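Inspection log for the structure reproduced underneath, given as structure tokens.
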Amino acid sequence: MNVYRGQKTSKQELKSWQSNIGSIIAMALFLSTSMDKKIANCFAETFDNDDNDDEATLFTIYVDKNIAPKATFAYLYHADCEPNDHEILFSLRTLFRIDKVEYDDSEET
């Protein structure tokens, strides 16, 4: 299953991830994602690009439901303010592996 997250990320952090392909990272916060790529893209696009140090970023997160413990994330269909967001919430300190970092110059995000 793929889920998506749109956010603003510093160029320095993106470079750090790019130089650490294959590394495991842990998020120190709850991570809100969507099963709908268009919705996540809207979140990435809402960030003002006036700050040259930040980039609109779209994360694609692959979740293997056979490997990932069910306690790591939750479907928020019924609790969601926007039912069409198809929100998936990852718990604190969920581990992610960086597979690749790409710049898509065909789109703004």
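Taken together, the values in this text are just the output of simple stated rules run on the coordinates, not laboratory data. All of these numbers come straight from a predicted model, not from anything done at the bench. Neighbour counts are summed over all protein chains in view; Cβ atoms, including those assigned to glycine, are modelled from backbone coordinates with ideal geometry.
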Sorted by mean Cβ packing within 10 Å, highest first, what order do the peptides 5-14, 22-31 take?
5-14, 22-31
Residue separation times 0.36 nm, minus the C-alpha to C-alpha distance between THR72 and ALA26: what's the value?
15.4 nm
Interchain or long-range residues, amide H under 5 Å from SER10's placed H
GLU55
